[in-house]
Amino acid sequence: LGPVDETELVRLKANIHPLARTQFDRGAAPGSMPTGRIRMVLQRSEAQQRALTQYLSDLQNPASPAYHKWLTPAQYGAAYGISESDVLSVLSWLQSHGFKVEKVPEAHQVIEFSGTFDQVQSAIHTAIHSFTVNDETHFANVSDPQIPTALAPVIAGVGPLNDFHAKPMLVRGPEGRFDPSTRRIIPE
């Protein structure tokens, strides 16, 4: 990776939650509010992806010398994750914006970090707003995040930048019991 220039940015597209719409927007969220854990999703090179695809195929092929030869997370990271120097470049950039790095798994596929909404706005150039949807308050980014162009080859995405969570669509019906003689369910 080259030197990080904060003035040369690239947009990470399709990163706005569908419920973060103007009709629900209540304005900027407090900048000092903590983000919770955010994940920086890392991406491997095309050559690494081809090698990984081949390894996964060989792993299931009884004729292959790699058949059922599983890798540890560290071995996987060394072979198919981004390099240690590239991880350090991303970590340095995150820490330069005041983020706390929470975890860097050995597989080198993600970096977990946390900070405040102000730090998100400064580092990835998107404001976090408050939204009221169905009488619930939520927080979400209002524009796609942007990262320095120099880091784009190794960063696939960042998130979550919102606290909208999926809700189950299951609606419980009435209670009942199974009657083995009629082989039917009898409502209680």
Quiz item: Name the pairs whose Cβ atoms lie under 6 Å apart, with the first residue in the range 64-93 and under 22 Å from Ala123 (Cβ atoms), the second open to solvent by 80 Å² or more (accessible area, probe 1.4 Å), and 6 or more positions between them or separate chains?
Solution: Asp86/Leu1; Ser89/Leu1
Quiz item: How many residues does the range 4-23 contain that are hydroxyl-bearing (Ser, Thr, Tyr) and open to solvent by less than 60 Å² (accessible area, probe 1.4 Å)?
Solution: 0
Quiz prompt | Condition met for Leu1 (open to solvent by 60 Å² or more (accessible area, probe 1.4 Å), in contact (Cβ under 8 Å) with a residue 40 or more places away in the chain and out of contact with any strand residue (DSSP E or B) (no Cβ under 6 Å at 6 or more places or on another chain)) | solution = yes
Practice problem: Tell me which residues, restricted to the range 122-144, are buried (at least 18 other Cβ atoms within 10 Å of the Cβ) and assigned to a strand (DSSP E or B). | Solution: Ile128, His129, Phe131, His138, Phe139, Ala140, Asn141
Practice problem: Select from the range 145-175 the residues that are outside any loop (DSSP other than H, G, I, E, B) and either open to solvent by 100 Å² or more (accessible area, probe 1.4 Å) or out of contact with any His (no Cβ under 7 Å at 6 or more places or on another chain) (or both) and list them in ascending order. | Solution: Ile147, Pro148, Thr149, Ala150, Leu151, Ile155, Ala156, Gly157, Val158, Gly159
Quiz prompt | In the range 53-70, residue farthest from the chain's Cα centre (by Cα) [restricted to those that are within 19 Å of Gly81 (Cβ to Cβ) and not hydroxyl-bearing (Ser, Thr, Tyr)] | solution = Ala66
Quiz item: Counting just the residues of the range 102-113 that are farther than 16 Å from Ile147 by Cβ and touching a helix residue (DSSP H, G or I) at 6+ places or on another chain (Cβ under 6 Å), which one comes out surrounded by the most Cβ atoms within 10 Å (Cβ to Cβ)?
Solution: His108
Practice problem: For the range 24-45, state whether one or more residues are assigned to a helix (DSSP H, G or I) and open to solvent by 60 Å² or more (accessible area, probe 1.4 Å). | Solution: no
Self-check item: Residues of the range 64-99 satisfying the condition of being surrounded by 15 or more Cβ atoms within 10 Å (Cβ to Cβ) and either part of a strand (DSSP E or B) or in contact with a strand residue (DSSP E or B) (Cβ under 9 Å, 6 or more places away or on another chain) (or both)
Solution: Gly81, Ile82, Asp86, Val87, Val90, Leu91, Trp93, Leu94, Phe99
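The values are calculated or read from the model by the stated rules, or taken from the named source; none is laboratory data. Since the model is a prediction, treat every value here as computed from it, not as a measurement. Note: ideal-geometry Cβ built from the backbone for every residue, glycine included; neighbour counts use all protein chains shown. Please note that ligands, DNA and RNA were not included when accessible areas were found on the heavy atoms of the full protein model with its side chains. Shrake-Rupley method; radii C 1.70, N 1.55, O 1.52, S 1.80 Å.
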